[in-house]
Amino acid sequence: MTTEGKVFDGRRMLPSVDKVLRHSDMLIERWGRKRVTECLRTELIKIRALPIYDCRKKVTPDEIIKIVENSLLKSDTSSFRRIINLSGIVLHTNLGRALLPKKAVEAVVGVATCPTNLEYDLSLGERGERDHHVEPLICELTGVEAATVVNNNAAALLLVLNTLADQSEVPVSRGELVEIGGSFRIPDIMMRSGCKLVEIGTTNRTHLHDYECSINHRTALLMKVHTCNFRVEGFTATVEESKLSVLAKQNGIPFVVDLGSGNLIDMDKLGLPVEPIVSKAITDGADIITFSGDKLLGGPQCGIIAGRRDLIDHIRKNPLKRALRPDKMIYAALAEVLKLYRNPRELEKELPTLRSLKRSVLEIEAQAKRLVPQLSAVLPDDYSVGADTCNSQIGSGALPVENIPSYGLVVSAVNDTRLRQLLGAFRQLPFPVVGRLNKGKLILDLRCLDLEFQFSNQLSELAALIK
Ligand SMILES: *Cc1c(COP(=O)(O)O)cnc(C)c1O
């Protein structure tokens, strides 16, 4: 006879669904009979699947109701968590890219909670144009004639190409047929927009005569894609934008530039990796430029299309524009972010993206040195914690080859399993911490650690999770 035979098996004595439901009026009132019943069934199945060891006493209806209530409460919490981004990638696409400045958040709340003149001209009392909330600002800051906004830069490109090049040819250098993380590929977007991609030049070298030879009566426009997420080195050649612009003009076709991480200020002056400036692309002769709102610009997710008024008017009339238009919260946030650029000296203080990018290594190093003993104190002996220099990146396709010197915590473990346990524990914290692995060590780049207490206050919980 096995000992198991003598052990009381709570799993076999569970109350029926009906019986528990009869005691569940409070739950049913709040969540409805259907959800409570479904949740109850699921929880009973989970209890039945427990090992006998964990279920050696009678489970009462009240206990089950408590379990069901907790499960329902949990299902009501947001699936969004506030994360501490210590990955070293300032604009991390998976972590939501740019953080909005306070003024932008206030503007979002304003339009979200009250009817607003999104598309209503208050002086005329008739229908207005939602672009008018941001277009004058974009023109003022970049020197373009007109601008419109869509959901992201991929949508911007789709709309521009579909409007200006549907059923026509667009020559693009083989060196610019890029993939930009998360399944965005220039050739795919071109195909979906209805235009025919004509590949010219080679991966490493494309010359002006490659463009010249490709142009015929079916060519709709010339396009340059800012290949920001990789760099071809060595024997290379690309054609300057000013030359492409002249060639486009000679042939009476527009010149379009996809800037990717469009940038309104000179990053060089701030000591940061150089990204193309929007106004420079315009003076270099681009007729249309497109760029993202939530990359270096530091605003909400959107794609900005800016350039010649006649072309923008044409683009705005495309029915696809209606399908790609952002909502009022995006316009409100974008307008406030753009206004901050009127005062470049204050920008660093006001714009979270720039603030993170500009934090001094000395300041980050001091933070690292404060945190080493705190983290070390809560980790078991088979981990060791140190602090060291590391490199941050702008992220989101902005020059990953250009590093920004930073400082971080470096944790090593006795083996891979222990390291993975630590990563998992960091992810389970109330404010999950995302770091990065490098050569078998966990690097917590502190460049983006704005609220230090948020990190240190939860270290005792980390201790409980890692043991
Ligand atoms: C990032 C990027 C895109 C895509 O922009 P999203 O705003 O993410 O849609 C397109 N082109 C280039 C060159 C980029 O860097």
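The figures follow:
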quantity: The chain: angle of helix 102-112 to the longest principal axis, Cα-based, in degrees nearest 10; calculated: 80 degrees
quantity: Alpha-carbon spread of region 10-76, three principal axes, descending order, Å; calculated: 34, 22, 15
quantity: Cα gyration tensor shape for region 396-467, rounded if a/c is under 1.5, else prolate or oblate; calculated: oblate
quantity: Lys, Arg +1 and Asp, Glu -1 on Cβ, resulting dipole of region 60-119 about Cα centre, debye, nearest 20; calculated: 420 debye
quantity: Kirkwood-Stokes translational diffusion coefficient of the chain, alpha-carbon pairs, 20 °C, 1.002 mPa s, µm²/s; calculated: 82 µm²/s
quantity: Three-way shape call for region 1-117 based on the alpha-carbon gyration tensor, with the a/c threshold at 1.5; calculated: oblate
quantity: Net charge dipole size for region 248-370 [Lys, Arg +1 and Asp, Glu -1 on Cβ; Debye, nearest 20]; calculated: 340 debye
quantity: Per-selection Rg to Rh, region 126-241 - Cα, Kirkwood hydrodynamic radius; calculated: 1.02
quantity: Region 102-350 - share of DSSP beta bridges that are antiparallel (%, nearest 5); calculated: 45 percent
quantity: Most to least packed among 15-23, 270-278 [average Cβ atoms within 10 Å]; calculated: 270-278, 15-23
quantity: Order of Leu423, Leu164 - criterion: other Cβ atoms within 10 Å of each residue's Cβ, fewest first; calculated: Leu423, Leu164
quantity: Nearest 10 degrees, 0 to 90: helix 416-428 Cα axis against the chain principal axis; calculated: 90 degrees
quantity: Region 368-428 versus region 135-167: alpha-carbon centroid distance in Å; calculated: 40 Å
quantity: Cα gyration tensor shape for region 102-350, rounded if a/c is under 1.5, else prolate or oblate; calculated: prolate
quantity: Ranking of Met329, Met191 by count of other Cβ atoms within 10 Å, fewest first; calculated: Met191, Met329
quantity: Nearest-20 debye value, region 102-350 charge dipole, Cβ charges on Lys, Arg, Asp, Glu; calculated: 260 debye
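Throughout, read-outs are computed from the coordinates displayed, never taken from laboratory work. Only a predicted model underlies this, so the values are computations on that prediction, with no experimental measurement involved. FYI the Cβ positions are ideal-geometry reconstructions off the backbone, even for glycines, and counts take in every protein chain you see.
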